[in-house]
Amino acid sequence: MKKLILIGGTMGVGKTATSSLLKQKLNQSVFLDGDWCWDMHPFVVNRETKVMVMNNIVYQLNQFISCNEIENIIFCWVMHEQSIIDEILSRVDINHCHVYTFSLICSDDTLKAHLQTDIDAGIRSQDIIERSLERMKFYKQLNTIKIDISHSTIDETAEKICKILNAK
């Protein structure tokens with residue numbers, strides 16, 4: 001059985017870094033970041049683009065699932081509502097997959113430090129801190145496995161996920 005691994009979390013929590021490292025740790029793996037499915041300029045969030053990104057994500061995940069060379073499909077995105085996870089899972093062929101849903105969470109101080117590093121590097125704007133902190137509370141309510149990254153390196157977080165994947 002293939003493994004479909006969904007990793008959610010607020011902006012700056014470490015989803016992309018963790019998923020990228022996880023791809024290296026797992027054999028026959030592929031990594032898709034949901035943000036890549038609507039990387040456009042200017043960035044527009046409206047009904048049309050939300051439908052487009054969901055269609056792009058579902059199409060790509062189904063392609064990975066159908067490929068015999070791929071055993072581990074890692075997908076990360078800002079999935080702060082259960083309905084987002086549920087829609088993705090309802091539209092992909094999971095008949096031959098073990099599905100794992102994770103939420104990366106952390107303390108406010110850890111999140112602020114991660115985001116400030118990005119702000120200092122010019123990758124994000126200052127307003128991201130408040131928006132990201134506001135979304136953190138939603139992840140604690142989701143039907144997912146919570147991984148607190150507050151005192152963990154990216155490698156330690158990826159290892160925690162690998163242990164859970166191998167325990168099943």
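Report, by residue number, each residue of region 73-105 that is more than 23 Å from THR10 (Cα to Cα) and part of a strand (DSSP E or B).
CYS97, HIS98, listed by residue number.
Tell me yes or no: at least one residue of region 62-76 is of a type in the set (Asp, Glu), within 28 Å of ALA167 (Cβ to Cβ) and in contact with a Ser or Thr (Cβ under 6 Å, 6 or more places away or on another chain). Talk me through it step by step, then tell me what you get.
Step one: list which residues in region 62-76 are of a type in the set (Asp, Glu), which gives 69, 71.
Still in the list and also within 28 Å of ALA167 (Cβ to Cβ): 69, 71.
Filter again for in contact with a Ser or Thr (Cβ under 6 Å, 6 or more places away or on another chain), leaving none.
The answer is no, given that none of the residues of region 62-76 is of a type in the set (Asp, Glu), within 28 Å of ALA167 (Cβ to Cβ) and in contact with a Ser or Thr (Cβ under 6 Å, 6 or more places away or on another chain).
Could you run through region 30-57 and say how many residues are modelled with pLDDT of 95 or more, within 18 Å of the chain's Cα centre (by Cα) and assigned to a loop (DSSP other than H, G, I, E, B)?
Of the residues in that region, 0 qualify.
Among the residues of region 11-29, which ones are touching a residue at least 40 places away in the same chain (Cβ under 8 Å) and either under 13 Å from the mean Cα position of the chain (by Cα) or closer than 18 Å to HIS151 by Cα (or both)?
MET11, GLY12, VAL13, GLY14, LYS15, THR16, ALA17, THR18, SER19, LEU21, LEU22, LYS23
Which condition does VAL99 not pass, out of (1) buried (at least 17 other Cβ atoms within 10 Å of the Cβ); (2) in contact with a Leu (Cβ under 9 Å, 6 or more places away or on another chain); (3) under 22 Å from ALA158 (Cα atoms), if it passes all the others?
Here VAL99 clears every test but (1).
How many residues, within region 130-140, are outside any loop (DSSP other than H, G, I, E, B), in contact (Cβ under 8 Å) with a residue 24 or more places away in the chain and open to solvent by 20 Å² or more (accessible area, probe 1.4 Å)?
The number of residues fulfilling the criteria is 4.
Given the conditions (1) assigned to a loop (DSSP other than H, G, I, E, B); (2) touching a Phe, Trp or Tyr at 6+ places or on another chain (Cβ under 6 Å), report the number of the one that GLY122 does not fulfil.
Every condition holds for GLY122 apart from (2).
Among all residue pairs at least 6 apart or on different chains, which show Cβ distances below 8 Å where the first residue, located in region 108-127, is within 14 Å of LYS15 (Cβ to Cβ) and among the aliphatic types (A, V, I, L, M) and the second is open to solvent by less than 60 Å² (accessible area, probe 1.4 Å) and in a helix (DSSP H, G or I)?
Within 8 Å, the pairs are LEU111/ILE129; LEU111/SER132; LEU111/LEU133; LEU111/MET136; LEU115/ILE128; LEU115/ILE129; LEU115/SER132.
Condition check ((1) in contact with an Asp or Glu (Cβ under 9 Å, 6 or more places away or on another chain); (2) farther than 20 Å from CYS37 by Cα) across all residues:
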residue	(1), (2)
SER66	yes, no
ASN72	no, no
ILE85	no, no
ILE94	no, yes
ASP109	no, yes
ASP120	no, yes
ILE123	no, no
SER132	no, yes
ASP155	no, yes
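Output the number of residues of region 141-168 satisfying the condition of being basic (Lys, Arg), surrounded by fewer than 14 Cβ atoms within 10 Å (Cβ to Cβ) and in contact (Cβ under 8 Å) with a residue 12 or more places away in the chain.
2
Return only the number of the condition from (1) touching a residue at least 40 places away in the same chain (Cβ under 8 Å); (2) under 26 Å from ILE147 (Cα atoms); (3) more than 15 Å from the chain's Cα centre (by Cα); (4) open to solvent by 20 Å² or more (accessible area, probe 1.4 Å) that ARG91 does not satisfy.
(1) is the only condition that ARG91 fails.
The values are calculated or read from the model by the stated rules, or taken from the named source; none is laboratory data. It should be emphasised that the depicted structure is a prediction, and the values quoted were computed from it without experimental measurement. In this analysis, Cβ positions are derived from the backbone assuming ideal geometry, glycine residues included, and neighbour counts consider all displayed protein chains. The accessibility values were calculated without ligands, DNA or RNA, using every heavy atom of the protein model including side chains. Shrake-Rupley method; radii C 1.70, N 1.55, O 1.52, S 1.80 Å.
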